[in-house]
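The values are calculated or read from the model by the stated rules, or taken from the named source; none is laboratory data. Computed from a predicted structure; not experimentally measured. Cβ sites come from the backbone with ideal geometry, for glycine too, and all protein chains shown count toward neighbours. Side chains included, ligands, DNA and RNA excluded: accessible areas come from the protein's heavy atoms. Shrake-Rupley method; radii C 1.70, N 1.55, O 1.52, S 1.80 Å.
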Amino acid sequence: MKPVALKLQLSLSSCPDYKLQHLASNSRQKPHVRLLLQALVVEMKKSALPLQSNCGPQKHVIGKEALVKLLRWHFGHSDFRGKQLEAIEAVLSGRDCFCLMPTGGGKSMCYQIPALTKPGIVLVDTSLTPFIGCHLLSALMENQVSALKEKRIPAEFLSSTQTVQVKNKIYEDLESGKPAVRLLYVTPELIATSGFMSKLTKIRARGLLNLIAIDEAHCISSWGHDFRPSYRKLSSLRSHFPNVPVLALTATAVPKVQKDVIESLNLQSPLVLKSSFNRPNIYYEVRYKDLLDDPYADVCKLLKSCGNVCAIIYCLERTMCDDLAMHLTNSGISCAAYHAGLNNKMRSSVLDDWISSKTQVVVATGIDRKDVRVVCHFNIPKSMEGFYQESGRAGRDQLPSRSVLYYGVDDRRRMEFILRNTKRNKDESSSLHDKSSKKSLDDFKQMVEYCERSGCRRKLILESFGEMVPASLCEKSCDVCKHPNLVASYLEQLKTATAFRQRTGSSRIYMTSGSSLNAEEQLSEFWNRDDEASGSEEDISEFDDALDAAKNVASSKTSAKLRLQDKMDLLQRAEENYYQNKSRDKQVDKLDKNAIPETLREAGKQRLLNAIKQNQQMVSDSRIDIDKSVVFLENECYKKYGKSGKSFYLSQMASTARWLSTAGPMELVNKLSSSNPASPENVTSIANCTPGSSNLSVPLPAKVSDEKVHDKVGSQNPIRSPASSLHGSASPKLPPILSFSQFINSGKAKENLASASKRQSSDRGEKNLEKRMRFQ
Ligand SMILES: Nc1ncnc2c1ncn2[C@@H]1O[C@H](COP(=O)(O)OP(=O)(O)OP(=O)(O)O)[C@@H](O)[C@H]1O
Ligand SMILES: [Mg+2]
């Protein structure tokens, strides 16, 4: 080769051949450059590229250099990654190999490169993704095959959706003495058919079956999260074709699954290759649904803040997929739901639109694309293994990406419920199922720990797969490492909120939005733990009752005939009914204990009044009628939170008081306007509007009429002489307003105080009296 051509070859060494050919045939290229390029293509084709060579069926060891050349020539990558080369060399030497690489690690290359080294066939068995029906599996296989064809690599796939003519053409090629096809993609179902097995046997007899690659090999293991019974049929391949190497590939990191895969496929002294599971380009984050005002809105905000990027949102149930997709669409995000409940045509079109970037976001139960930038889990996944696989669909092209998990206590309960119930159903029939259900619950615990622990998320993922790494590996690419204090504060809030919910039976707690505020701003005030503790007898196991509901469903005659999804729907409904009934019962039981007496409300109003009085701006603003505002705000709190119980009502009052002491007059007016829809017959004016601001008229519910306001706040001049009505002898003395951290500390102090009080029985009567005074 001439020096100038050599130079050009070096500079184009990482340019794939199909691109080179394109450059060489481009008529806009300068003639002498085109000539040089054409000469280069001819030279390179003459060079010892094994795709063109006729090295025959005998085992042939190809050097690293030649393999790298193939990689550059066909794929444009400069060198092998991780364990790729070792895997390729192993199978080329005829050895079985078990290759464990993370998602996006480049597993496909381990069988695609061997397919280029000599004539004959590499059989690729793949399931791609679970939940994908026959038509979609075909669509995805077609997608992979056409990507290979674009690179001028002869590849085909066989599926039930192809026409007889297409299939026959492929079979004809396979039966010819010198098949052109190098990579043949098939499904495990096809391999199991006797017709296909006999065709393979013939190919093998002619020495043309070079390698059997089992991609997503974890599907063969019943311990794996994606177990597919059809994979079991692959176990016979090894004995049928004793001299053909088998390459098992998976991104599943669980040691038990690895062992199971090797045994199930009967791999013979395989070379076991394991790469690190770390995905440095993924930023891991958990958002706490229970601390968000509106998790749906938060997802919208998240997606919008990431720009027009490709994203997947995983949901547990189809209804949730549909719901979320609708919310996102309404918020202007190009989005579609994708799940097993859609018909094949629908799913194909959703998938096509998503793959071709017509749709930005897909809300799914299982799907794949390379340039996914964000993967959200809107419900907690059932195992770390599943989470790792799904979150790993982000950034398969190695570019920076995000995994955001929305964790909700309700979701956790629902999943535990499902897993426990699965155990119940299978309890009676088989001890194997029993074991696997116990494992499911154990696996799920890891996921809960991922969300609730304050340690590095990356470290936890890797350690759950037995990979010990220093925390420094993360390099602040998870929320805990990047914002340790903030996450710690979320977790504290979550703990408190969960405890509160357990005690009060309230269905949900919304606090300030987790995404936009800093830790200080998010603090919420909770107090009167002593008081709440009185409801502790209600801390009965909700699970046990849920299990009873599950048992009823499980024992119903019809349940045996139902499909899993139907069963889950049924169980979900049963569970929802159960919780509804339970919370209704609790409401009734708690009514007396949690009733908010008038005296407490009066004290609350006084607190609001004092807060406004501290705010000079508010006092001097002629538009604001302070008394009426106080009554209105207290009434709002009472209406909204009174039903949840005393503590929550008081907490909200404290929060309102704090806000009142610092807010501006306009903010108050806005709050009053926004928190109550105007309805002519229901409202009277609170704000005494100046002539120039008549549009600031703020409504007040008719129930809280002027008359009542004056009754309660004092008809003379309640601001100037509040003591007359609000500091009457019957008004309780409210505890001080605590910040969140003060609340936590005071809780501990109260506990100490409580134990001290037990010791000092003589003081008890006094303390009880004080408590009664406070909470009557
Ligand atoms: N040696 C390499 N150098 C650079 N990029 C590579 C190399 N090998 C593979 N890739 C690229 O990495 C990406 C992921 O490859 P591939 O689809 O084979 O991953 P995978 O391990 O099969 O992932 P998954 O588990 O998600 O199926 C592809 O875009 C591929 O072109
Ligand atoms: Mg793959």
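According to the square roots a ≥ b ≥ c of the eigenvalues of the Cα gyration tensor, what is the shape class of segment 278-362, taking rounded for a/c under 1.5, prolate for a/b larger than b/c otherwise, and oblate for the remainder?
It comes out prolate by the Cα gyration axes.
Given a Förster distance of 35 Å, report the FRET efficiency between residue 256 and residue 171 from their Cβ-Cβ distance, rounded to the nearest 0.05.
FRET efficiency, residue 256 to residue 171: 0.35.
Can you tell me how much longer the chain between residue 294 and residue 441 gets when fully stretched, taken as 0.36 nm per residue apart minus their C-alpha distance, in nm with one decimal?
50.1 nm
Testing the spin-label approximation: label points 7 Å from Cα along Cα→Cβ at residue 661 and residue 239. State their distance in nm.
The modelled label-to-label distance comes out at 8.0 nm.
Based on alpha-carbon centroids, what's the gap between segment 66-107 and segment 600-666 in Å, whole number please?
What the calculation gives is 68 Å, centre to centre.
If amide hydrogens are placed 1.01 Å from N in the peptide plane, which non-local residues have theirs closer than 5 Å to the one on residue 265?
Close amide H contacts, sequence-distant or interchain: none at all.
Rounded to the nearest 10 Å², what accessible area does residue 287 show when all protein chains are kept and the probe is 1.4 Å?
Taking all protein chains as shown, residue 287 has close to 40 Å².
Mind giving me the FRET efficiency for residue 343 and residue 614? R0 is 56 Å, r the Cβ-Cβ distance, nearest 0.05 is fine.
About 0.30, to the nearest 0.05.
Which value, in Å² and to the nearest 10, is the accessible area of residue 159 when all protein chains are kept and the probe is 1.4 Å?
10
How charged is the neighbourhood of residue 405? Take every other residue with its Cβ under 11 Å from the Cβ of residue 405, and add Lys/Arg as +1 and Asp/Glu as -1.
0
Over 27 Å between Cα atoms, which of 107/233; 151/233; 289/459; 83/382; 69/256; 202/233 qualify?
151/233; 83/382; 69/256
For the ranges 96-103, 439-446, what's the packing order if you count other beta-carbon atoms within 10 Å of each residue, average per peptide, and put the highest first?
96-103, 439-446
Under a point spin-label approximation (7 Å from Cα along Cα-to-Cβ), what is the residue 397-residue 278 distance to one decimal in nm?
2.5
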